[in-house]
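Novice: After the structure tokens below, expect a handful of questions from me.
What follows draws every value from the coordinates through simple rules; no lab data is involved. Here the structure is a predicted model, which means the values were calculated and not measured. A quick note on method: Cβ atoms are made from the backbone with ideal geometry, for glycine too, and the neighbour counts reach across all protein chains shown.
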Amino acid sequence: MESAIQIVWSIGLVGALVLTLVILKEVALLLRVLVGIHRLSERIRVAAEGIASNLGPVPALAGIADPLGRIHGAAQGVAVSAGALNREMETLSPPARES
């Protein structure tokens with residue numbers, strides 16, 4: 001009876017080890033994707049900040065100030081959102097490794 005219990009426990013432990021390895025692989029894949037999202041959010045933030053700064057003098061232009069002012073506001077909104085996403089990704093992902 002004791003040997004049967006030990007066999008069942010051993011099978012359970014091996015099964016748990018296999019499941020743990022599968023979960024660790026999935027976590028590694030998820031972290032890789034999160035690092036990629038973090039890099040993209042950083043690039044988007046930098047681009048949106050550049051667009052916002054380039055559109056800064058637009059209000060001084062007559063006739064196109066209103067439409068381009070809306071674009072400027074939207075670009076600033078994207079920069080703020082990308083910055084927030086970037087900060088969130090920094091808290092979720094490990095530091096990126098240099099290649």
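Novice: Enumerate the calculated ³J(HN,Hα) couplings along the stretch 2-8 in order (Karplus 6.51 cos²θ - 1.76 cosθ + 1.60, θ = phi - 60°), each rounded to whole Hz, writing x wherever the residue is Gly or Pro.
Specialist: With the stated coefficients, the stretch 2-8 comes to 5, 5, 5, 5, 5, 5, 4 Hz.
Novice: Would you work out which of V18, M1, A28 lies farthest towards the positive end of the dipole of the stretch 1-47, given +1 charges on the beta-carbon of Lys and Arg and -1 on that of Asp and Glu, about the Cα centre?
Specialist: Projecting each Cα onto the dipole axis, the largest value belongs to A28.
Novice: About its Cα centre, what dipole magnitude does the chain give when the only charges are +1 on Lys and Arg Cβ and -1 on Asp and Glu Cβ, stated in debye to the nearest 20?
Specialist: 200 debye
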